[in-house]
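Okay, structure first, notes after.
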Amino acid sequence: MASGLGYPSSSSAQANTSSQSWNFSRNINTSFSRFGPVPNEYASRSRPPFTKGYFAIPFRDDSLQDTKSFFSVGPLPGEEVGYENEDDASQHPSTPDPESQSPEEHLKQEARLRRLEKERAIAEAGEVDWVRSGGILRDANGNRDLARTNRIREELRLEAEEKRLREQWDLYQQRWQALKSSQEPLRFSDVPWPLPTTPTSVEEFTEKKIEDFIMSPLKIRGNKVTPKGRLRSSMLRWHPDKLGSVIARVIPEEQANVKEGIGVVFRYLKALQDAKTG
């Protein structure tokens, strides 16, 4: 019975409180029904415990669908996903046929695809940054994922090696361009020899060093230069008859060493060409 001020009586309030408590419990059980019952040890807690750590995985019910990694962002439209029952499947409808969509729906779908791709890229970048800093990835169950961690480590190693080779070759090309565009006197060390470090004498030249320097950049992924093409262009560059103007600019006391070095480089390149064609 309501009081004069419009407040419910104590008995009515207790009834409502009991009803609300029962409805709350029912809603909680219903909301978690597709994940399985709430474990008793966690039922009275405001939030489940979790393992500490940058990539530690929060509490997870075993009935949840497994994911590929901690950074999973969900399947993209068009990817097949299995569900345990029809209720789960009904909550995750398949990608609609583009032909059956209205222009507005199609635009929304395209925007969603772009968003998911961006989220996936961000997640993958996070994994790479974590491994680069020395971290180890964990799978969806919180276990150390050494296989995936090692794959990323190997990719980082390859990227670093490709970067080194690319920069080394670019510097070599830039030094040749600078040499051709200048008329300044040259010394032995000014010549852009095909070696990873600037030599001080011809004694430092070896066929293996020159081969590695000339051919290693071809290992870079996406490279379109063939070994035959690289050798041919290098031999044209180092042919003694083509370098007369360069030799003429070398200071007199070092001309003999430069001539010898050019001859050695050309002979090694010719030997490499003969070995690959023979």
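Bear in mind these aren't lab numbers, they're just calculated from the coordinates by the rules spelled out. No experiment lies behind these values; they were computed from the predicted model shown. Positions of Cβ are backbone-derived with ideal geometry, glycine not excepted, and every protein chain shown enters the neighbour counts.
How charged is the neighbourhood of Ala121? Take every other residue with its Cβ under 14 Å from the Cβ of Ala121, and add Lys/Arg as +1 and Asp/Glu as -1.
-1
Amide H of Arg138 versus every other amide H placed in the peptide plane: which residues, excluding those fewer than 5 positions away on the same chain, fall under 5 Å?
Counting only residues 5 or more places away or on other chains, the set is Phe70, Asp145.
State the three equivalent ellipsoid semi-axes of the range 160-277, derived from the C-alpha gyration tensor as the square roots of 5 times its eigenvalues, in descending order and whole Å.
Semi-axes (√(5λ), whole Å): 24, 16, 13.
When the Karplus curve 6.51 cos²θ - 1.76 cosθ + 1.60 is applied with θ = phi - 60°, which whole-Hz ³J(HN,Hα) does each residue of the range 122-134 get, with x for Gly and Pro?
5, 5, 5, 5, x, 4, 4, 4, 5, 5, 4, 7, x
Taking amide H positions as placed 1.01 Å from N in the peptide plane, with prolines and chain starts having none, which residues 5 or more places from Leu186, or on another chain, fall under 5 Å of its amide H?
Val250, Ile251
What list of ³J(HN,Hα) values in whole Hz, one per residue of the range 190-202 in order, does the Karplus curve 6.51 cos²θ - 1.76 cosθ + 1.60 (θ = phi - 60°) give from phi, with Gly and Pro shown as x?
With the stated coefficients, the range 190-202 comes to 7, 6, x, 5, x, 9, x, 10, 5, x, 9, 7, 5 Hz.
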